[in-house]
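Down below is the structure, laid out as C-alpha coordinates.
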Amino acid sequence: MRSASRITVSTFGALMGLAGIEHGIGEVLQGNVHAEGLMFPSWPDSAFFRMVSGEPAMSVIPNMLTTGVLALLFSTAYVILAVGFPHIKKVPLAMMVLAVGMLLFGGGLFPPVLAFIMGLVAARIHARKRWRADKAPAGLQRFFARAWGWIFALCALAWLALFPGLNLLGYSFGVENEALTMAIILLALVTLVLTVISAYAHDAQRTD
(Lines give C-alpha, C1' and ligand atoms only; values in the text may rest on other atoms or scores of the structure.)
Protein backbone atom coordinates (compact mmCIF):
# COMPACT_ATOMS: atom_id res chain seq x y z
CA MET A 1 0.00 0.00 0.00
CA ARG A 2 1.32 3.42 -0.95
CA SER A 3 2.08 5.88 1.82
CA ALA A 4 0.06 9.06 2.25
CA SER A 5 3.14 11.18 1.55
CA ARG A 6 3.81 9.32 -1.68
CA ILE A 7 0.19 9.75 -2.81
CA THR A 8 0.42 13.46 -1.99
CA VAL A 9 3.60 13.90 -4.01
CA SER A 10 2.27 11.88 -6.94
CA THR A 11 -1.04 13.73 -7.08
CA PHE A 12 0.10 17.31 -6.72
CA GLY A 13 3.39 16.71 -8.51
CA ALA A 14 1.35 15.44 -11.46
CA LEU A 15 -0.86 18.55 -11.35
CA MET A 16 2.18 20.83 -11.43
CA GLY A 17 3.77 18.84 -14.24
CA LEU A 18 0.55 18.93 -16.27
CA ALA A 19 0.40 22.68 -15.75
CA GLY A 20 3.90 22.89 -17.23
CA ILE A 21 2.76 20.80 -20.20
CA GLU A 22 -0.18 23.15 -20.72
CA HIS A 23 2.22 26.12 -20.83
CA GLY A 24 4.42 24.27 -23.30
CA ILE A 25 1.52 23.55 -25.63
CA GLY A 26 0.61 27.23 -25.73
CA GLU A 27 4.18 28.18 -26.56
CA VAL A 28 4.52 25.57 -29.31
CA LEU A 29 1.29 26.81 -30.90
CA GLN A 30 2.77 30.30 -31.13
CA GLY A 31 5.27 28.85 -33.57
CA ASN A 32 8.83 29.71 -34.50
CA VAL A 33 8.67 33.32 -33.32
CA HIS A 34 10.87 35.51 -31.15
CA ALA A 35 9.79 35.83 -27.51
CA GLU A 36 8.62 39.24 -26.30
CA GLY A 37 11.23 39.17 -23.56
CA LEU A 38 12.40 37.07 -20.65
CA MET A 39 8.78 36.84 -19.48
CA PHE A 40 5.78 36.35 -21.75
CA PRO A 41 2.25 34.86 -21.85
CA SER A 42 2.05 31.22 -22.92
CA TRP A 43 -1.45 31.79 -24.35
CA PRO A 44 -1.47 35.48 -25.37
CA ASP A 45 -4.57 35.37 -27.59
CA SER A 46 -6.69 32.82 -25.74
CA ALA A 47 -9.95 33.99 -24.17
CA PHE A 48 -9.94 30.88 -21.97
CA PHE A 49 -6.70 31.98 -20.29
CA ARG A 50 -7.55 35.68 -20.08
CA MET A 51 -8.50 35.23 -16.41
CA VAL A 52 -4.89 34.26 -15.63
CA SER A 53 -3.22 36.87 -17.86
CA GLY A 54 -2.46 34.39 -20.63
CA GLU A 55 -0.52 32.04 -18.32
CA PRO A 56 2.79 33.89 -17.71
CA ALA A 57 6.05 32.02 -18.18
CA MET A 58 9.73 32.78 -18.70
CA SER A 59 12.56 31.36 -20.77
CA VAL A 60 16.25 31.95 -21.23
CA ILE A 61 15.82 30.95 -24.89
CA PRO A 62 14.21 33.73 -26.97
CA ASN A 63 12.25 31.39 -29.24
CA MET A 64 8.70 30.27 -28.50
CA LEU A 65 8.80 26.97 -30.39
CA THR A 66 12.07 25.81 -28.82
CA THR A 67 10.91 26.99 -25.41
CA GLY A 68 7.62 25.12 -25.77
CA VAL A 69 9.30 21.89 -26.79
CA LEU A 70 11.67 22.07 -23.82
CA ALA A 71 8.79 22.88 -21.46
CA LEU A 72 6.97 19.79 -22.73
CA LEU A 73 10.04 17.58 -22.27
CA PHE A 74 10.90 18.80 -18.78
CA SER A 75 7.28 18.74 -17.61
CA THR A 76 6.51 15.29 -19.05
CA ALA A 77 9.63 13.84 -17.43
CA TYR A 78 8.60 15.46 -14.16
CA VAL A 79 5.12 13.90 -14.30
CA ILE A 80 6.59 10.45 -14.94
CA LEU A 81 8.94 10.69 -11.95
CA ALA A 82 6.36 12.27 -9.62
CA VAL A 83 3.70 9.69 -10.37
CA GLY A 84 5.77 6.55 -10.65
CA PHE A 85 8.99 6.88 -8.67
CA PRO A 86 8.97 9.62 -5.98
CA HIS A 87 9.93 7.07 -3.28
CA ILE A 88 13.17 6.05 -5.00
CA LYS A 89 16.27 7.54 -3.39
CA LYS A 90 17.63 9.90 -6.06
CA VAL A 91 14.35 10.73 -7.79
CA PRO A 92 13.43 13.69 -5.52
CA LEU A 93 16.65 15.44 -6.56
CA ALA A 94 15.86 14.72 -10.22
CA MET A 95 12.39 16.18 -9.67
CA MET A 96 13.89 19.38 -8.29
CA VAL A 97 16.30 19.66 -11.24
CA LEU A 98 13.43 19.17 -13.69
CA ALA A 99 11.40 21.80 -11.82
CA VAL A 100 14.22 24.30 -12.33
CA GLY A 101 14.25 23.34 -16.01
CA MET A 102 10.50 23.95 -16.17
CA LEU A 103 10.98 27.41 -14.70
CA LEU A 104 13.84 28.39 -17.04
CA PHE A 105 12.26 26.96 -20.20
CA GLY A 106 8.64 28.01 -20.37
CA GLY A 107 6.92 25.73 -17.86
CA GLY A 108 5.27 28.65 -16.12
CA LEU A 109 6.14 30.57 -12.96
CA PHE A 110 3.92 29.17 -10.21
CA PRO A 111 3.88 25.44 -11.22
CA PRO A 112 7.67 24.95 -11.26
CA VAL A 113 8.06 26.47 -7.79
CA LEU A 114 5.48 24.09 -6.35
CA ALA A 115 6.96 21.25 -8.39
CA PHE A 116 10.31 21.96 -6.69
CA ILE A 117 8.60 21.90 -3.29
CA MET A 118 7.03 18.53 -4.12
CA GLY A 119 10.56 17.29 -4.76
CA LEU A 120 11.51 18.39 -1.26
CA VAL A 121 8.46 16.62 0.13
CA ALA A 122 9.38 13.47 -1.78
CA ALA A 123 12.85 13.54 -0.24
CA ARG A 124 11.22 12.96 3.15
CA ILE A 125 8.96 10.08 2.18
CA HIS A 126 11.30 7.69 3.98
CA ALA A 127 11.98 10.07 6.88
CA ARG A 128 8.55 9.99 8.50
CA LYS A 129 9.98 9.71 12.01
CA ARG A 130 11.03 13.37 11.76
CA TRP A 131 7.44 14.18 12.63
CA ARG A 132 8.28 13.04 16.15
CA ALA A 133 11.21 15.44 16.28
CA ASP A 134 8.80 18.37 16.02
CA LYS A 135 7.59 17.51 19.54
CA ALA A 136 4.01 18.27 18.59
CA PRO A 137 1.37 17.23 21.15
CA ALA A 138 0.26 13.65 20.68
CA GLY A 139 -3.35 14.74 20.24
CA LEU A 140 -2.39 17.08 17.40
CA GLN A 141 -0.40 14.32 15.75
CA ARG A 142 -3.39 11.99 15.92
CA PHE A 143 -5.71 14.67 14.55
CA PHE A 144 -3.55 15.30 11.49
CA ALA A 145 -3.00 11.58 10.97
CA ARG A 146 -6.72 10.83 10.97
CA ALA A 147 -7.65 13.95 8.97
CA TRP A 148 -5.30 13.35 6.05
CA GLY A 149 -8.00 11.92 3.77
CA TRP A 150 -10.40 14.84 3.94
CA ILE A 151 -7.63 17.46 3.97
CA PHE A 152 -6.21 15.82 0.84
CA ALA A 153 -9.66 15.85 -0.82
CA LEU A 154 -10.23 19.51 0.08
CA CYS A 155 -6.81 20.42 -1.30
CA ALA A 156 -7.48 18.58 -4.57
CA LEU A 157 -10.80 20.40 -4.96
CA ALA A 158 -9.13 23.75 -4.27
CA TRP A 159 -6.52 23.17 -6.99
CA LEU A 160 -9.18 22.07 -9.45
CA ALA A 161 -11.14 25.21 -8.59
CA LEU A 162 -8.00 27.21 -9.34
CA PHE A 163 -7.53 25.47 -12.69
CA PRO A 164 -9.62 24.91 -14.69
CA GLY A 165 -12.35 26.27 -12.38
CA LEU A 166 -11.46 29.96 -12.58
CA ASN A 167 -10.86 29.74 -16.32
CA LEU A 168 -14.26 28.16 -16.89
CA LEU A 169 -15.98 30.81 -14.76
CA GLY A 170 -14.32 33.59 -16.71
CA TYR A 171 -14.73 32.05 -20.15
CA SER A 172 -18.22 30.60 -19.86
CA PHE A 173 -19.93 32.94 -17.42
CA GLY A 174 -17.84 36.12 -17.50
CA VAL A 175 -17.07 35.86 -13.79
CA GLU A 176 -13.76 37.63 -13.12
CA ASN A 177 -13.50 38.45 -9.44
CA GLU A 178 -10.09 39.28 -8.02
CA ALA A 179 -11.15 38.60 -4.42
CA LEU A 180 -12.48 35.17 -5.40
CA THR A 181 -9.25 34.39 -7.24
CA MET A 182 -7.08 35.34 -4.27
CA ALA A 183 -9.30 33.37 -1.88
CA ILE A 184 -9.01 30.20 -3.98
CA ILE A 185 -5.23 30.63 -4.34
CA LEU A 186 -4.90 31.06 -0.57
CA LEU A 187 -7.09 28.02 0.09
CA ALA A 188 -5.07 25.92 -2.36
CA LEU A 189 -1.75 26.87 -0.76
CA VAL A 190 -2.89 26.50 2.86
CA THR A 191 -4.51 23.13 2.26
CA LEU A 192 -1.41 21.93 0.40
CA VAL A 193 0.74 22.68 3.44
CA LEU A 194 -1.78 20.95 5.70
CA THR A 195 -1.95 17.97 3.34
CA VAL A 196 1.82 17.49 3.53
CA ILE A 197 1.83 17.78 7.33
CA SER A 198 -1.07 15.36 7.72
CA ALA A 199 0.48 12.91 5.24
CA TYR A 200 3.68 12.71 7.29
CA ALA A 201 1.63 12.30 10.48
CA HIS A 202 -0.51 9.59 8.89
CA ASP A 203 2.55 7.64 7.71
CA ALA A 204 4.30 7.99 11.08
CA GLN A 205 1.26 6.64 12.90
CA ARG A 206 0.86 3.78 10.45
CA THR A 207 4.47 2.63 10.95
CA ASP A 208 3.80 2.52 14.69
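Laid out as a table, the results:
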{"item": "HIS34 vs. criteria touching a Pro at 6+ places or on another chain (Cβ under 8 Å), farther than 30 Å from VAL175 by Cα, surrounded by fewer than 17 Cβ atoms within 10 Å (Cβ to Cβ) and not hydrophobic (A, V, I, L, M, F, W, C)", "result": "yes"}
{"item": "Selection count, the stretch 50-79, where residues are in contact (Cβ under 8 Å) with a residue 60 or more places away in the chain and either among the polar types (S, T, N, Q) or surrounded by fewer than 24 Cβ atoms within 10 Å (Cβ to Cβ) (or both)", "result": "4"}
{"item": "Test result for GLY26, at positive phi and touching an Asp or Glu at 6+ places or on another chain (Cβ under 7 Å)", "result": "no"}
{"item": "PHE40 being assigned to a strand (DSSP E or B), surrounded by 15 or more Cβ atoms within 10 Å (Cβ to Cβ) and not aliphatic (A, V, I, L, M)", "result": "yes"}
{"item": "Matching residues in the stretch 38-48 - criterion: being farther than 19 Å from VAL113 by Cβ and touching a residue at least 24 places away in the same chain (Cβ under 8 Å)", "result": "ALA47, PHE48"}
{"item": "Among (1) within 23 Å of CYS155 (Cβ to Cβ); (2) of a type outside the set (S, T, N, Q); (3) buried (at least 17 other Cβ atoms within 10 Å of the Cβ) - the single one VAL113 does not satisfy", "result": "(3)"}
{"item": "Neighbours by Cβ (under 7 Å, 6+ apart or cross-chain): first from the stretch 156-174, assigned to a helix (DSSP H, G or I) and buried (at least 17 other Cβ atoms within 10 Å of the Cβ); second modelled with pLDDT under 90 and acidic (Asp, Glu)", "result": "GLY170/GLU176"}
{"item": "ALA57 being under 17 Å from the mean Cα position of the chain (by Cα) and not polar (S, T, N, Q)", "result": "yes"}
{"item": "Residues within the stretch 43-71 that are under 30 Å from GLY174 (Cβ atoms) and part of a strand (DSSP E or B), tallied", "result": "3"}
{"item": "Selection within the stretch 77-105 - among the small types (Gly, Ala, Ser) and over 15 Å from the mean Cα position of the chain (by Cα)", "result": "GLY84, ALA94"}
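The values are calculated or read from the model by the stated rules, or taken from the named source; none is laboratory data. Every value quoted in this text rests on a predicted model; they were computed, and no experiment measured them. Methodologically, a virtual Cβ is constructed for each residue, glycine included, from the backbone with ideal geometry; neighbour enumeration extends over all protein chains shown.
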